[in-house]
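*Asks:* I am attaching a structure below and will ask some questions about it afterwards.
The values are calculated or read from the model by the stated rules, or taken from the named source; none is laboratory data. Just so you know, these numbers come straight off a predicted model, no measurement behind them. So basically every Cβ, Gly included, is an ideal-geometry build from the backbone, and we count neighbours across all protein chains shown. When the accessible area is computed, the model is the full protein with side chains, heavy atoms only, and any ligands, DNA or RNA have been set aside. Shrake-Rupley method; radii C 1.70, N 1.55, O 1.52, S 1.80 Å.
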Amino acid sequence: MDSLRTFFVLNREIIYFIYGLAFFLLGFAIALQSRRYSRLDLARSLTWLAAFGITHGLFEWGDLFIPIQAKYLSPLVVQTLNIIHLILLAISFTMLFQFGMALLKSLGWAPWTGYMAAGLFGLWVIVTFLVLPLGLTDFTAWSNTSRALARYFISFPGSLLAAYGLREQAMRRIAPLNVPHIVNTLRVSGMALVLYAFVGGLVPPPAPFFPANVINTSTFFATFGIPALVFRTVIGFVLTISIIRALEVFEVETERMIESMEQGQILAAERERIARDLHDGAIQKVYTAGLLVESTSKLINGNDAAANRLHKALEVLNDAIGDLRRNLGELRSEPSNETLLESLRGVAADPRFCSLVNVSLDLKLSSADSFSPIRAAHVIAIVNEALSNVVRHAQAHQVVISTHRVDAWLQILIRDDGVGLAREPNAGYGLRNMRDRARLLGGAIHIHGESGKGTLVTLMVPWKDEH
């Protein structure tokens, strides 16, 4: 046991470094994860956990580097650094507390609870800098007492709130996504936070008040032979690894978003096909049948039974045409009143696309260059389908949509830097729909790509409807 204690004493600096590294990696990993367009409440709350990880890591490194620098600095500078170091501890615990409150606030807790963390931090500042100096003149005793208060009243409840909030988020928001491995990972994170609440929140440095004068880092080391710092380091790494693995939920969300977008595109294309079939097929046939019945009724003289039956048949056919037209209107969405340029800007800003690939615009058109709403809707549908293909298949990072006026034609170029095409692609459902829309507009669409060099989609449409 003595040799173990000696080992930890001799390697105290290394332990501080590893401990700080565990929490700094936690914050850094979360900060690198892009969650801007996520719809999960967890995405917005994780910012506070990242702030906790980074600030707490810096605090622990302060315990390592401030004593080293003290040899070369004046006592006043060292004392100032220790005060900043102390404030950093309280700030890190405040971030953890706020993380727990943000998780629970998104689940329906009262809005005012979001200010509890700031209130506790303000109260700690008042007690630390206004009350404690009245009774504690020794700097070390004052510092240890302030640390103990931060751990008791901010870290301990904050860790428990964060653990409970993670559990509730996992069960209410993540579990419905049918990703049990991520739910279990978040449970591990919650258990790590519970352990940290006790080892990190209830084991402060020795301080002249109960229970800090009984249960503290010194008595913990004397009892177990292992510093509390080692337990906190292990807990920190467990929390970091489990949270990093849980970040996979945002990749799952992105995949579901792409899948939903693809299904929506297929459904919209199918509705458009059915609408065209109704307009060009069923309605025309029923209308022709009505004309035939009407012309036949004129050939029958008098008011006999045959004429009455033909008249009723004509009424039924007219009703059928009305029903078909209503169904046609329900299948086709109303065209937008936005101009073509406004619609293109809206497509570029659509989170379905810009959250997965960088979309930039090069619109060389004037405000006088405009389409009718119906024709503009077809153009935007083609652009939407092209961007959907980029997101689903191209593995691209950049997409540039450029527009030009070429004599009496509108030219739209959609170029990406993805994997490209080995040859002219097969006419899948989406591509057929794009070409059908281009033909309806009296234009054409061409797709060219080379393997590893991206893909270029060129749409040429006449400005005026020539049909």
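*Asks:* Would you list the helices (runs of 4 or more DSSP H) that sit entirely within region 78-181 and hold 3 or more residues that are surrounded by fewer than 17 Cβ atoms within 10 Å (Cβ to Cβ)?
*Replies:* 116-126, 132-135, 139-150
*Asks:* Looking at region 431-463 only, could you name the residues that are modelled with pLDDT under 80 and open to solvent by less than 20 Å² (accessible area, probe 1.4 Å)?
*Replies:* Selection gives Asn433 alone.
*Asks:* Return the residues of region 28-53 that are modelled with pLDDT of 90 or more, open to solvent by less than 30 Å² (accessible area, probe 1.4 Å) and either outside any helix (DSSP H, G or I) or polar (S, T, N, Q) (or both); say none if nothing qualifies.
*Replies:* Ser45
*Asks:* Quick check on region 50-70. Is at least one of its residues without any contact (Cβ under 8 Å) to a residue 12 or more places away in the chain and in contact with a helix residue (DSSP H, G or I) (Cβ under 6 Å, 6 or more places away or on another chain)?
*Replies:* The answer is yes; a qualifying residue exists.
*Asks:* Additional query: Could you go through region 338-356 and let me know if any residue there is exposed (fewer than 13 other Cβ atoms within 10 Å of the Cβ), modelled with pLDDT of 75 or more and either hydroxyl-bearing (Ser, Thr, Tyr) or not in a helix (DSSP H, G or I) (or both).
*Replies:* Yes, because at least one residue in region 338-356 is exposed (fewer than 13 other Cβ atoms within 10 Å of the Cβ), modelled with pLDDT of 75 or more and either hydroxyl-bearing (Ser, Thr, Tyr) or not in a helix (DSSP H, G or I) (or both).
*Asks:* Further, regarding this structure: Please go through region 173-205 and pick out each residue that is small (Gly, Ala, Ser) and over 13 Å from Ala246 (Cα atoms).
*Replies:* Ala192, Ala197, Gly200, Gly201
*Asks:* Okay, moving on. Can Ser92 be described as of a type in the set (Ser, Thr, Tyr) and closer than 22 Å to Pro204 by Cα?
*Replies:* Criteria met by Ser92.
*Asks:* Starting from region 182-198, take each residue that is within 22 Å of Arg151 (Cα to Cα) and list its partners that are of a type in the set (D, E, K, R) and part of a helix (DSSP H, G or I), counting only C-beta distances under 7 angstrom and pairs at least six apart or across chains.
*Replies:* Close Cβ pairs satisfying both conditions: Gly190/Arg167; Tyr196/Arg232.
*Asks:* State all residues of region 54-77 that are open to solvent by less than 50 Å² (accessible area, probe 1.4 Å) and either in contact with a Lys or Arg (Cβ under 7 Å, 6 or more places away or on another chain) or under 15 Å from Phe17 (Cβ atoms) (or both); if no residue qualifies, say none.
*Replies:* His56, Gly57, Phe59, Glu60, Trp61, Gly62, Asp63, Leu64, Ile66
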